[in-house]
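Worksheet for the structure shown next.
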Amino acid sequence: MNRQQQEAANILLKRVRDALNARGTKTIRSLGICFRCLDSYDGNRKLDKNELKVGLAENGVQLSWNEIDILFAAMDRDRSGTIDFDEFLVAIRGQLNPTRKAIVDQAFKRFDKTGDGKITVDDIKGVYNTKLHPKVKNGQMSENQVLDEFLVNFGDVDRNGQLTYQEWLDYYAAVSASVDNDEHFVLLMKMAWKL
């Protein structure tokens, strides 16, 4: 997505957010109801372009097909051709606010031992203990395999054994989108990573 398309997508996302907020869709529960309404045609828990267009129109947002294409490209982060609930939440809720970003940054720095802007298996060995992992204990996986799986689960989408700062932020933007309260999100991060 080039800069002009990104700016157009941001304008469209603001229009959609404003319209949904005006209808009272601010909490995770209300956004979930909205998503299910948009997905009412086939109920596959994913939105295609037609469902997005019709569903938004039913919620007071009239967009042209060109605008839908731009909006869809911005929302479909994994380029699957559909928008799942997490992608929808991140798009509607937006990126991390400063409070949440600060704690996510703190956790990233805890893992990024070398300070090179990426988390590798070597970086997480001292922070994430795999010895008690059930699959290590029963011999199904090695400790390094569990660590590789850890990176993939946290957003190593290209599976190159490195979790970049942007991948980390994208992962936690999705997590953040499902937590309504800043204090609760910060507490969850502190408990999860002993910050």
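The values are calculated or read from the model by the stated rules, or taken from the named source; none is laboratory data. Model, not experiment: these values are computed from the prediction. Neighbour counts are summed over all protein chains in view; Cβ atoms, including those assigned to glycine, are modelled from backbone coordinates with ideal geometry.
The figures follow:
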{"item": "Candidate set: the range 24-48, residues that are exposed (fewer than 12 other Cβ atoms within 10 Å of the Cβ) and among the basic types (Lys, Arg); chosen: the one modelled with the lowest pLDDT", "result": "ARG29"}
{"item": "Matching entry among GLU87, GLU51 (being buried (at least 19 other Cβ atoms within 10 Å of the Cβ), in contact with an Asp or Glu (Cβ under 8 Å, 6 or more places away or on another chain), closer than 20 Å to ALA174 by Cβ and outside the structural domain of GLU167 (by TED's automatic domain parsing))", "result": "GLU87"}
{"item": "Residue among GLY139, GLY117 that alone is surrounded by fewer than 17 Cβ atoms within 10 Å (Cβ to Cβ), in contact with a strand residue (DSSP E or B) (Cβ under 9 Å, 6 or more places away or on another chain) and over 30 Å from CYS37 (Cα atoms)", "result": "GLY117"}
{"item": "Qualifying residue in the range 2-10 (condition: at pLDDT 85 or above, within 18 Å of GLN95 (Cβ to Cβ) and out of contact with any helix residue (DSSP H, G or I) (no Cβ under 9 Å at 6 or more places or on another chain))", "result": "yes"}
{"item": "Subset of the range 153-195 [among the hydrophobic types (A, V, I, L, M, F, W, C), modelled with pLDDT of 80 or more and either in contact with a helix residue (DSSP H, G or I) (Cβ under 6 Å, 6 or more places away or on another chain) or buried (at least 16 other Cβ atoms within 10 Å of the Cβ) (or both)]", "result": "LEU163, TRP168, LEU169, ALA173, VAL175, VAL179, PHE185, VAL186, MET189, TRP193, LEU195"}
